[in-house]
Amino acid sequence: MLAEKQSTEQNFEPLIVAFCCNWCSYAGADLAGTARRSYPANVKIIKVPCSCRVNPTFILRAFLRGADGVIIAGCHPGDCHYTTGNYFTRRRMTLLMGLLGYLGVDKARLRVEWVSAAEGNKFAEVMTDFAGTIKALGENVKLRDLRCK
Amino acid sequence: MRKHIAATVDVARVAESVRSIPDVAFATDYRYMCSEGGQTLLRQAVKEHGLSRIVVCACSPRMHEATFRKAAKAAGLNPYLVEIANIREHCSWVHKDKEVGTAKAIALAKAAIAKVRLNTPLTAGESPVVKRALVIGGGIAGLQTALDIAEAGYKVDIIEKSPSIGGKMAQLDKTFPTLDCSACILTPKMVDAAAHENITIHTYSELEKVSGYVGQFEAVIRKKARSVAVDRCSGCGLCMEKCPSKKAASEFDEGLRTRSAIYIPFAQAIPNVPVIDREQCLKFQADKCGLCAKICPAGAIEYGQEDELITNKYGAIVLATGFTTIDPVRFGEFGYLHHKDVITSLEFERLTNAAGPTQGKLVKLSDGKKPKSIVFVSCVGSRDTTERGKSYCSKICCMYTAKHALLVKEKYPDIAVKVFYIDVRTPGKGFDEFQRRAVEEYGVEYIKGMVGKVTEEGGGLAVHASDVAAGTKIVAEADLVVLATAVTPSSDARKLASMLSASIDTDDFYTEAHPKLRPVESPTAGIFLSGVCQGPKDIPETVAQAGAAAVKAIGLLSKDKLLTNPCVAHVNETTCSGCLACEKVCPYGAITADYKQVNSKGLKERRLIAHVNEALCQGCGACSVACPSGAMDLRGFSNKQIMAEVDALC
Ligand code: FES
């Protein structure tokens, strides 16, 4: 029984959604590709104009639908293409993390990272690390709404 | 090895598996979608299958979105009915396993299909272009860019923060590898720029604020108070001669000489009008003196002058903010602070310059005597991965060090010259030949090895270093040690970057829109990059890039109108409650409020409704998230579209 559980744990392939802002992080992901810096295929990217476009409901929806981790990547603070967007992101996501904790979802399942267009390596490192964290956390069962599928 | 998408993604299977999705009328694979053939295929498919939406699974939309939108338009579709699934950079190129790659590509394709279903036809608006450019920085890069733009017939304003244009190149003695005199080739350009009818130069000025967007920037320039009336001053220099406060370190001479409180930085300065350094001036500090006002024959001294703010509109902005060098104090082992005879390369330039503090006589700073031996240390702070240094190669140091070494030997063959280096990097026309000449013809001794420390010994200096070739430690005597300090971007680069929303890298160099294909453009439309502010460069490269930046700016200025981004915010007037949470988060002031007659739950009522000014909106989407009622949405990235992508992926 235990052995079986362990093996499913090892085979567990988390589903990770990455929201990347067009100007920095999406370009950073492009650069990771151009430089062939690989990271786990669990990470699937959705392009948004700015990290501040990410509505907390998108994230909750992803969790409800069975995402195991959600990561938002934007420009470094001070470098947002729209000047102040990522400051809103930072504040909003801090609040959302509090809410997730309250709901009983490990807040490590949501991460905010700043990756510039020049940081292809960092993009790959961050995604690899996040995928590792989520794999260790295991499946997201708490928020999953089975009717969603 | 560079491979196609197909190497790690089974593209036929991707096409196969999306074919069965409802609404998908046609799916196929093709080797080069961005080629003419691929686009023809796309046009034909639209016609044959009556397609109303297109998803292209290919490379990053940052590469070819425009190409495919154009193809859609050619096929009679609205260009915004196209979505790209990035299965190259975000999939094939980062995943090695074909099974894994294929599965992810299918997922990405499905997300794009889910989104494109909800795409709506959008039409780009038009916005006019102000036919005037702003160049920030008056060094060789900025001057060249400005001259090229002006020659094409457009007005250009240059702002330079120091009292004169000329930049770093004005400080240099000779230039490598031709050894022509730096000032002799620079000053004619300075004069040309100053005399050009299309160029306005604002020296001693800084950018205060910028708003607007490509074609329509509005800049506020702060012209700092010179305390001297530029139009009346004849540049006679009497004031500088008579000024009793003469203890300030001359910036132009790298502190190797002092200057008066009222000063012109160097003889060929443009404008040839002094400025009062208020920190040093007795009139400003102690309300004494006032001598310069008394003796000025033109009555040009104006102690009461205040900073002036000038507001102007520009179509394009060129960043040419140049560089400075890393502070050698960070590297305590070289003893820059403790030994007078440890100097930087830029100080060395002033020391060997005929117009410099010693009239070009090479002397030790400690006692004014001629040195018998000189050690040059390259890579001070460059290629240094520790916290205190810079990991990049500063590119120009190998060559200017070879130049310095050769020039010393040429003038004083009896001085022993050693160069400590990590590698000698001399790619460039005539560069390697030049460095070899220094070694073979002039007997400069190159030693591969790092310098550990510099100490004082027997009245001179001792350079403790390793000799990699011999595998030993050596101590070299030196009367003068010259540090080739790393090139670093100008200290205000980051401030300007945030003011202009231009991207900047972790070393504070401006980032280009594409490292290969768009090297002189910032990712922010209408902002161009000229010279070292983008990365270390020598003079010919700087001039070439400055010209390229000018061409890009001219291309923009030559247009009468630009198409605007139609992916902007819009309000659903019936659900908007008029709370104006959106207005508070908009960085562009694009949201205003109007009283409007609206239909609310069958009732007609007049109430406050948010209004988006589409010309100002840049499409970040901050408002759409701040809106509590979901009335504010973003075209092209609507709530429903993003939600559909989430649903498709999860
Ligand atoms: S554009 Fe990247 S965070 Fe705003």
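Tabulated values for the structure
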{"read-out": "Test item: B:99-112 mean partner chain Cβ contacts at 10 Å", "value": "2"}
{"read-out": "FRET efficiency estimate (nearest 0.05) - Cβ-Cβ, B:Asp492 to B:Gln285, R0 25 angstrom", "value": "0.45"}
{"read-out": "Sorted by Cβ density within 10 Å, fewest first, the residues B:Cys91, B:Cys576", "value": "B:Cys576, B:Cys91"}
{"read-out": "Other protein chain Cβ atoms within 10 Å, averaged over every residue that makes up A:52-63", "value": "5"}
{"read-out": "Built amide H within the under 5 Å cut-off of B:Phe26, gap 5+", "value": "none"}
{"read-out": "Efficiency of FRET from Cβ geometry, A:Thr57 and B:Arg607, R₀ 22 Å, rounded to 0.05", "value": "0.30"}
{"read-out": "Cross-link pairs beyond the 29 Å C-alpha cut-off, checked among B:Lys155/B:Lys537; B:Lys340/B:Lys448; A:Lys47/B:Lys70; B:Lys242/B:Lys361; B:Lys224/B:Lys516; B:Lys390/B:Lys516", "value": "B:Lys224/B:Lys516"}
{"read-out": "Partners for B:Lys370 among aspartates and glutamates (Cα-Cα distance below 17 Å; same-chain residues under 8 apart left out)", "value": "B:Asp341, B:Glu347, B:Glu349, B:Glu410, B:Asp414, B:Glu477, B:Asp479"}
{"read-out": "Burial ordering of B:Asp367, B:Asp479, B:Asp508, A:Asp106, fewest other beta-carbon atoms within 10 Å first", "value": "B:Asp367, A:Asp106, B:Asp508, B:Asp479"}
{"read-out": "Potential lengthening between B:Asp507 and B:Lys453 on full extension [0.36 nm per residue; Cα-Cα distance subtracted]", "value": "16.8 nm"}
{"read-out": "Sites B:Arg278 and B:Val191 - FRET efficiency at Förster radius 30 Å, r taken between beta-carbons, to 0.05", "value": "0.55"}
{"read-out": "DSSP bridge pairs, chain B: antiparallel proportion in percent, nearest 5", "value": "60"}
{"read-out": "Average beta carbon contacts from partner chains per residue of A:111-118, 10 Å cutoff", "value": "3"}
{"read-out": "Charge dipole (the range B:219-283, unit charges on Cβ, about Cα centre) - positive-most of B:Leu282, B:Met240, B:Pro271", "value": "B:Leu282"}
{"read-out": "Contour minus Cα-Cα distance for B:Ala354 and B:Lys246 (0.36 nm per residue)", "value": "36.7 nm"}
{"read-out": "Size of electric dipole in the protein assembly as shown: Cβ of Lys, Arg +1 and of Asp, Glu -1, about Cα centre, debye, nearest 20", "value": "1800"}
{"read-out": "Fewest-first sequence of B:His464, B:His90 by Cβ atoms within 10 Å of each Cβ", "value": "B:His464, B:His90"}
{"read-out": "MRE, 222 nm, helices only [DSSP H, n ≥ 4, -39500 (n - 2.57), over the protein assembly as shown, to nearest 500]", "value": "-9500 deg cm²/dmol"}
{"read-out": "Nonlocal amide H pairs with B:Ile262, under 5 Å, H built at 1.01 Å", "value": "B:Asp277"}
{"read-out": "B:Ser382 long-range amide H proximity, modeled H, under 5 Å", "value": "B:Lys390, B:Ala486"}
{"read-out": "Residue (of A:Ser51, B:Val377, B:Asn639) at the positive-pole extreme of the protein assembly as shown, dipole from beta-carbon charges", "value": "B:Asn639"}
{"read-out": "Value of relative contact order over the range B:569-634, rounded to a whole percent, pairs C-alpha under 8 Å and six or more apart", "value": "46"}
{"read-out": "Nearby lysines by direct alpha-carbon distance to B:Lys596 (threshold 16 angstrom, same-chain neighbours under 8 apart not counted)", "value": "B:Lys604"}
{"read-out": "J(HN,Hα) series, the range B:345-362, from Karplus relation 6.51 cos²θ - 1.76 cosθ + 1.60, nearest Hz, glycine and proline x", "value": "5, 5, 5, 4, 4, 5, 5, 9, 7, 4, 8, x, x, 10, 6, x, 7, 7"}
{"read-out": "Shape parameters for the range B:238-295, alpha-carbon atoms, Rg then Dmax in Å", "value": "11.1, 31"}
{"read-out": "Estimated dipole of chain B in Debye, rounded to 20 [Cβ of Lys and Arg +1, of Asp and Glu -1, Cα centre]", "value": "1000"}
{"read-out": "Among B:Val551, B:Gln597, B:Ala525 - extreme Cα towards positive end, dipole of the range B:524-650, charges at beta-carbon", "value": "B:Gln597"}
{"read-out": "Rough spin-label spacing in nm, given labels placed 7 Å along Cα→Cβ, for B:Asp432 and B:His514", "value": "3.1"}
{"read-out": "Per-peptide average of other Cβ atoms within 10 Å, ordering B:550-561, B:635-646, B:429-440 highest first", "value": "B:635-646, B:550-561, B:429-440"}
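Quick note: the coordinates plus some simple rules give every number you see, no bench work behind them. Keep in mind it's a predicted model, so treat the numbers as computed, not measured. We place every Cβ from the backbone using ideal geometry, glycine too, and count neighbours over all the protein chains shown.
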